[in-house]
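Taking it in order: structure first as structure tokens, then the write-up.
The values are calculated or read from the model by the stated rules, or taken from the named source; none is laboratory data. This is a predicted model, so every value here is computed, not measured. Here the Cβ is made from the backbone with ideal geometry for all residues, glycine too, and neighbour counts use every protein chain on show.
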Amino acid sequence: EDQVTQSPEALRLQEGESSSLNCSYTVSGLRGLFWYRQDPGKGPEFLFTLYSAGEEKEKERLKATLTKKESFLHITAPKPEDSATYLCAVQAGNQFYFGTGTSLTVIP
Amino acid sequence: EPEVTQTPSHQVTQMGQEVILRCVPISNHLYFYWYRQILGQKVEFLVSFYNNEISEKSEIFDDQFSVERPDGSNFTLKIRSTKLEDSAMYFCASSDKYSNQPQHFGDGTRLSIL
């Protein structure tokens, strides 16, 4: 069965304390892996798309990487405004599977 | 920046009634999607729509559900004979030329079934 698992479920960081979020997946025929940010009461906001193992994408304090079994979202020197839930989604064929997300809190 | 808009933001409906959720995707996008998120659970794919027909649907998307693009701008999700377990946040999304392009989401419609 196709599955996406994110860890940890929740993460509290001090401002400036770098860390990584994990998304592991077991799908056949990966067509893309997507990272989204979701703020309370809002829809997911697109961050990155990764298509093949070894690919990396970077934007401000965020960097996403992809292997054959998992993806990492690295957050460097986070700020309080980075607090949100980060969602990972994979596309297998024409189906889309989301993980349950990592709730990130950055403390000033 | 163009955005996906959804109306209403909150819909309250009696069990057994029909409900229509509305979405205006980004104007030059070609792929349209509906997802739902039950409170505290993961976002679940319902259906994708391309070239005026369903291109893929999940097991959740049974005969109770239907989608339509009635004109050049709106994309609707109809739920017939609603059940208590249909209570959820429903998100519409759209993407550009290909189905594996990033999806842009609306802020959702919270559906409450009484």
Margin query: Looking at the structure I just gave you, is A:Thr102 within 14 Å of another protein chain (Cβ to nearest Cβ) and closer than 16 Å to A:Leu13 by Cβ?
Written below: yes
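Listed here are the residues, each with its yes/no results for (1) under 15 Å from the mean Cα position of the chain (by Cα); (2) at pLDDT below 95; (3) more than 14 Å from chain A (Cβ to nearest Cβ); (4) under 21 Å from A:Gly41 (Cα atoms).
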| residue | (1), (2), (3), (4) |
| --- | --- |
| B:Val47 | yes, no, no, no |
| B:Ser55 | yes, yes, no, no |
| B:Gly72 | no, yes, yes, no |
| B:Phe75 | yes, no, yes, no |
| B:Arg80 | yes, no, yes, no |
| B:Met89 | yes, no, no, yes |
| B:Cys92 | yes, no, no, yes |
| B:Lys97 | no, yes, no, no |
| B:Asn100 | no, yes, no, no |
Check: When the residues of segment A:70-99 are filtered to those that are at the interface with chain B (Cβ under 7 Å from one of its Cβ atoms) and outside any strand (DSSP E or B), which remaining residue is surrounded by the most Cβ atoms within 10 Å (Cβ to Cβ)?
Finding: A:Gly99
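To keep it simple, each residue is scored yes or no on (1) of a type outside the set (Ser, Thr, Tyr); (2) modelled with pLDDT of 95 or more.
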{"site": "A:Glu9", "(1), (2)": "yes, yes"}
{"site": "A:Arg12", "(1), (2)": "yes, yes"}
{"site": "A:Ser18", "(1), (2)": "no, yes"}
{"site": "A:Asn22", "(1), (2)": "yes, yes"}
{"site": "A:Tyr36", "(1), (2)": "no, yes"}
{"site": "A:Glu56", "(1), (2)": "yes, yes"}
{"site": "A:Lys63", "(1), (2)": "yes, yes"}
{"site": "A:Lys68", "(1), (2)": "yes, no"}
{"site": "A:Ser71", "(1), (2)": "no, yes"}
Checklist line | strands (runs of 3 or more DSSP E) lying entirely in segment A:1-49 (those with 2 or more residues that are touching a Ser or Thr at 6+ places or on another chain (Cβ under 6 Å) and under 30 Å from B:Glu1 (Cα atoms)) | finding: A:19-26, A:30-38
Next item on the list: Please work out which one of (1) within 11 Å of chain A (Cβ to nearest Cβ); (2) modelled with pLDDT of 95 or more is the condition B:Leu84 fails and give its number.
Entry: (1)
Notebook entry, point to check: Hey, B:Asp96 hits all of (1) under 19 Å from A:Leu33 (Cβ atoms); (2) in contact with a strand residue (DSSP E or B) (Cβ under 6 Å, 6 or more places away or on another chain); (3) charged (D, E, K, R) but one; which does it fall short on?
Noted result: (2)
Next item on the list: May I ask you to list the residues in segment B:30-54 that are surrounded by fewer than 19 Cβ atoms within 10 Å (Cβ to Cβ) and closer than 13 Å to B:Ser94 by Cβ?
Entry: B:Leu30, B:Tyr50
Next item on the list: Among the residues of segment A:26-49, write down those that are within 11 Å of the chain's Cα centre (by Cα) and not polar (S, T, N, Q).
Entry: A:Leu33, A:Phe34, A:Trp35, A:Tyr36, A:Arg37, A:Phe46, A:Leu47, A:Phe48
Check: Could you list, in sequence order, the residues of segment A:58-69 that are surrounded by 15 or more Cβ atoms within 10 Å (Cβ to Cβ) and not hydroxyl-bearing (Ser, Thr, Tyr)?
Finding: A:Leu62, A:Lys63, A:Ala64, A:Leu66
Check: Does segment A:25-46 contain at least one residue that is among the polar types (S, T, N, Q) and either away from chain B (no Cβ under 12 Å) or on the phi > 0 side of the Ramachandran plot (or both)?
Finding: yes
